[in-house]
Each structure stands twice: as structure tokens, then as C-alpha cells.
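Just below is one structure, and these are the notes that go with it.
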Amino acid sequence: MESRDVLIRPWITEKATALMEEGKYTFQVAKKANKIEIAKAVSEIFGVKVVSVNTMNLPGKVKRVGRSYGKRPDYKKAIVKLAPGETIQFFEG
């Protein structure tokens, strides 16, 4: 799996923004990607040193419109901790 295929998009929420102060950045990643592939992709794309990666598989929410029910797709989220002093400029400005 190529580096650009592993990272789908940055995850920018209020909670994720608070984690950035601790040097932790959140991404939505491919469901089949493992922690080693995620760390390698972040270090190649952004040129930073990754200390640890935490992942979680999240189920999609069930939504309702009128009488019919639908389901949003499941997804995988990764929280990447960088070495002290490292930042990702993509998030900073």
C-alpha cells in the first residue's frame, strides 16, 4: 500500500485540536492499514519522526430519513504522536 493510499484525510475536531498541543495528530486512514504502515506514511509525507500510533475502528452511525434507515460507512482513525519538537505544518496554518 502506498503512502498516499494510507492517509485518507486529517481529522479536525475540537478534541483533535486540543491533542495537537501534546504533539498528537489525528487522521482518518484506510481500514486495511496497520500501525507500521501509518507511521511510515506520516513520516514520508510530512517529514517528521513518529513515536507511536494508536488506531481505532469505528462503526458508522445509523441514520433515518422518514421511514427508511441507512448506515454511514465504518472507518478507521489513527492518532499519531510525534517526537518532541516536531510539528506538521499542514495543521498549523
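The values are calculated or read from the model by the stated rules, or taken from the named source; none is laboratory data. Note that this is a predicted model, so its numbers are computed, not measured. Only protein heavy atoms, including side chains, enter the accessible area calculation; ligands, DNA and RNA are left aside. Shrake-Rupley method; radii C 1.70, N 1.55, O 1.52, S 1.80 Å.
Taking every protein chain into account, the accessible area of the chain amounts to 70 square angstrom per residue (probe 1.4 Å).
At a 1.4 Å probe radius, which order do Y75, Y69, Y25 fall into by accessible area, largest first? Working shown, then result.
Numbers: Y75 60, Y69 155, Y25 5 Å².
Accessible-area ranking of Y75, Y69, Y25, largest first: Y69, Y75, Y25.
With respect to the chain, whose longest principal axis is taken over its alpha-carbon atoms, helix 35-46 is tilted by about 60°. Expressed as a whole percent, the accessible area of the chain that falls on carbon and sulfur atoms is 51 (1.4 Å probe).
With contacts taken as Cα pairs under 8 Å at a separation of at least 6 residues, the chain carries a relative contact order of 31 percent. For V29, the residues whose modelled amide H falls within less than 5 Å of its own, excluding neighbours fewer than 5 places apart on the same chain, are I8, K76, K77, A78. Straight-line reach from K76: which aspartates and glutamates fall under 14 Å, measuring Cα to Cα and dropping same-chain residues less than 8 apart? Leaving aside aspartates and glutamates fewer than 8 places away in the same chain, those within reach of K76 are D5, E37.
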